[in-house]
1. Within segment 75-109, can you find the residues that are touching a Pro at 6+ places or on another chain (Cβ under 9 Å) and either surrounded by fewer than 17 Cβ atoms within 10 Å (Cβ to Cβ) or not in a helix (DSSP H, G or I) (or both)?
2. Checking the structure you have, find out if any residue of segment 128-149 is at pLDDT below 90, part of a helix (DSSP H, G or I) and of a type outside the set (A, V, I, L, M, F, W, C).
3. If I filter segment 36-51 for residues that are assigned to a helix (DSSP H, G or I), within 18 Å of residue 154 (Cα to Cα) and in contact with a Gly (Cβ under 8 Å, 6 or more places away or on another chain), do I get at least one hit?
4. Only one residue in 63, 109, 53 is of a type outside the set (Phe, Trp, Tyr), out of contact with any Leu (no Cβ under 9 Å at 6 or more places or on another chain) and farther than 18 Å from residue 31 by Cα, so which one is that?
5. Checking residue 60 against (1) surrounded by fewer than 16 Cβ atoms within 10 Å (Cβ to Cβ); (2) over 27 Å from residue 151 (Cβ atoms), which single condition isn't satisfied?
6. For residue 72, state whether it is buried (at least 17 other Cβ atoms within 10 Å of the Cβ), of a type outside the set (Phe, Trp, Tyr), touching a helix residue (DSSP H, G or I) at 6+ places or on another chain (Cβ under 6 Å) and within 16 Å of residue 103 (Cα to Cα).
7. Could you grab the pairs with beta carbons closer than 8 Å, sequence gap of 6+ or different chains, first residue in segment 100-125 and closer than 11 Å to residue 89 by Cβ, second one basic (Lys, Arg) and surrounded by fewer than 20 Cβ atoms within 10 Å (Cβ to Cβ)?
Amino acid sequence: MKSGGKNRKKILAVASLGGHWVQLLRIIRGLEDDYDIEFMCTDAGASVMTSGRKLYLVKDFSRWNPLGLFPAAISVWKAIRAARPDAVISTGAAPGLVAITIARMMGIRTIWIDSVANAAALSGSGKVAQHIAGRTYTQWPELAKGKVQYAGSIFGEEARPSDKSEEK
C-alpha cells in the first residue's frame, strides 16, 4: 500500500457497517495504489479492516430512526472537515447519503455506488443520491439510465448470472 505522496489525491470512503462496508472495501482495493484513502463508518469495529488508515466514526441512523439524522449530519460534517478529501465515495446507506450531500455542498467531488443487492431497482438512498452525487453507479446494467451509470460489479462480469435459464 502506497501512502502519503504529496501529489496524491485523497478519497474519503464512507459506508455503514455490514454489506455496504464489505462492498466499499472491495471497491477501494482497486484504488489504494493511486490514492490516499481514509474511511468513515458507523462502527469502531470497522478499524480492523482499514489496514491502519484513519477511520472517522459517525452516528448511525436510518429512515426508521429519522431523529438520528441531525447528530449524524454534525459528525459527518466534522469528519469531512477534518479529512479534507478530494472526493467522497459511498456505497450507502443513510449515513453515506448524508456524507455525499454534505461533501457536495462543500464543493467536494462525490460518487455514489448503489449496493449490488439492489438488482431490481435502486435503493431508497440510491434514488435520492442520483440527484445529489456528482456520479451515481449501479452494479446492474439493467438499472443504468439517465444519470445512473453502470461500470461493473464487485463480483466481476464472470460472476453475473446468465440470461439463459437451465432446464432441469
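The values are calculated or read from the model by the stated rules, or taken from the named source; none is laboratory data. All values reported here derive from a predicted model rather than from experimental measurement. Cβ atoms come from the backbone with ideal geometry, glycine included; neighbour counts cover every protein chain shown.
1. 108, 109
2. Pass one, segment 128-149, residues at pLDDT below 90: none.
No, every residue in segment 128-149 fails to be at pLDDT below 90, part of a helix (DSSP H, G or I) and of a type outside the set (A, V, I, L, M, F, W, C).
3. Step one: filter segment 36-51 for residues assigned to a helix (DSSP H, G or I), giving 44-49.
Right, trim to within 18 Å of residue 154 (Cα to Cα) and you get 49.
Adding the requirement that they be in contact with a Gly (Cβ under 8 Å, 6 or more places away or on another chain) leaves none.
No, because not a single residue in segment 36-51 is assigned to a helix (DSSP H, G or I), within 18 Å of residue 154 (Cα to Cα) and in contact with a Gly (Cβ under 8 Å, 6 or more places away or on another chain).
4. Numbers: 109 fails: farther than 18 Å from residue 31 by Cα; 53 fails: farther than 18 Å from residue 31 by Cα.
After ruling out the rest, the residue left standing is 63.
5. Every condition holds for residue 60 apart from (1).
6. Numbers: buried (at least 17 other Cβ atoms within 10 Å of the Cβ): yes; of a type outside the set (Phe, Trp, Tyr): yes; touching a helix residue (DSSP H, G or I) at 6+ places or on another chain (Cβ under 6 Å): yes; within 16 Å of residue 103 (Cα to Cα): yes.
Here the answer is yes, as residue 72 does meet what is asked.
7. Note: pairs meeting the criteria are 103/109; 110/104; 110/135; 111/135; 112/135.
Residue by residue, here is whether (1) over 25 Å from residue 35 (Cα atoms); (2) in contact (Cβ under 8 Å) with a residue 60 or more places away in the chain; (3) out of contact with any strand residue (DSSP E or B) (no Cβ under 6 Å at 6 or more places or on another chain) holds:
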residue	(1), (2), (3)
62	yes, no, yes
70	yes, no, yes
85	no, yes, no
91	no, yes, no
98	no, no, yes
